[in-house]
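Working notes, structure below.
The values are calculated or read from the model by the stated rules, or taken from the named source; none is laboratory data. On a predicted model such as this, the values are computed, not experimentally measured, just so you know. Because the Cβ atoms are built from the backbone with ideal geometry, glycine has one as well, and the counts that use them run over all protein chains shown. With ligands, DNA and RNA removed, areas are computed over all heavy atoms of the protein, side chains included. Shrake-Rupley method; radii C 1.70, N 1.55, O 1.52, S 1.80 Å.
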Amino acid sequence: MVMPEMPSQAQMDLVKESAAALKPVAPQIAQLMYDKFWTMNPETKRLWSVDFTKMPKGGCPGNSVTLQAQVQSGVVFGFMTNIEHIDRLMADLKRVAQKHCSRNIDYSKYPLLGEALLDAVVEVTGGVDQSVLDAWRAGWTYLVDCLVHMETEIYKEMQEKENGFVGFKEFKVTSMEQIEICNVDDSDSDDGVDELEKEIATIVSFQPLDGAALPAYDKNQYTCLKLVSDKLGGATHRNYYLYGASDEKTFRLSLSKMDRSLVTAHVLDEMRVGDTAYLSAPFGNYLLMETLGE
Ligand code: HEM
């Protein structure tokens, strides 16, 4: 596989300087980039969790950004300011690549998001020199090449894995069981003693409709649950850690009413044993957005 090629030194210097200067408005640039991209490519918007593309409650009009824009701008501007030392960013890039693979993101959209980013940079700054714009384009191409390189490797590993599959498979719910779980709450323990909080979780078990065996997973790996329902306004995605030990037959998710996301609420309130949904193969080992909350 061809390794990603770095931009020229002059372009790296320009994009580093420009990204550092624009860092304070990076989330606003990312938000504008997504607004432009989703307007031009409306069919892609439902790939993102609805909860992460909603404006936060209480945000100021014109100055409010979604969780997706906050997190994405951190990665993009971190990449551009460290473009000569991307080894520092490997953990972030791998996390993004794994999540993209769990959603089966189409590579052909990456340059389109880049064009939306360039338009957003021009709009927020009121215009930049052509050389700066060209440097951003070269930086974006390098970022995309790095992600595509990683994602291709991840897909290849998945395809070579026993029972591995890429994309989404149709599953049916085989059981929904309520259990009591204990969470450690260390948020306000003045005495240094953590408190145990009890909560009811529903363990939802899914088995593939085609009866095929499932790939094994490790602790902390996740799957993407895709629901297609008129009540949800179409397809809706959310990633969840896989619960319990891997057994080739079943994927289990632990869902709690404390997680007020649209997908979790729909599963708990509307779905029953025998209903169907789509799941991806197990990917990654760390979910950022889900832990940051809605
Ligand atoms: C090539 C440049 C891109 C970068 C740097 C990037 C960056 C990111 C980041 C930082 C996340 C959050 C990862 C996390 O939750 O830990 C993310 C998630 C995601 N990205 Fe990208 N992305 C890029 C392109 C795209 C494109 C072109 C699409 C779709 C057409 C896309 C679709 C998604 C989706 C659906 C998620 C999951 C969001 C969720 O959890 O709901 N990304 N990306």
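With respect to the stated conditions, T66 fails to be within 13 Å of the ligand (Cβ to nearest atom), modelled with pLDDT under 95 and surrounded by fewer than 19 Cβ atoms within 10 Å (Cβ to Cβ). Looking across region 146-180 at every residue that is surrounded by fewer than 16 Cβ atoms within 10 Å (Cβ to Cβ) and among the small types (G, A, S), the one that is nearest to L14 (Cα to Cα) is identified as G167. Every condition in (1) touching an Asp or Glu at 6+ places or on another chain (Cβ under 9 Å); (2) in a helix (DSSP H, G or I) holds for G164 except the one numbered (2).
In region 124-145, what count of residues is obtained for those that are among the aliphatic types (A, V, I, L, M) and either away from the ligand (no atom under 15 Å from the Cβ) or open to solvent by 50 Å² or more (accessible area, probe 1.4 Å) (or both)?
5
In this structure, does K45 turn out to be within 10 Å of the ligand (Cβ to nearest atom) and either farther than 23 Å from K16 by Cβ or surrounded by fewer than 16 Cβ atoms within 10 Å (Cβ to Cβ) (or both)? Judged against the criteria, K45 is a match.
For region 94-123, the tally of residues that are within 18 Å of Y34 (Cα to Cα) and open to solvent by 60 Å² or more (accessible area, probe 1.4 Å) stands at 8.
Counting the residues of region 21-39 that are away from the ligand (no atom under 11 Å from the Cβ) and farther than 18 Å from F79 by Cα gives 4. Against the numbered list (1) more than 14 Å from the chain's Cα centre (by Cα); (2) within 30 Å of V228 (Cα to Cα); (3) at pLDDT 95 or above; (4) open to solvent by less than 70 Å² (accessible area, probe 1.4 Å), Q28 comes up short only at (2).
Looking at this structure, is S73 closer than 21 Å to L22 by Cβ, within 11 Å of the ligand (Cβ to nearest atom) and at pLDDT 95 or above? Here the answer is yes, as S73 does meet what is asked.
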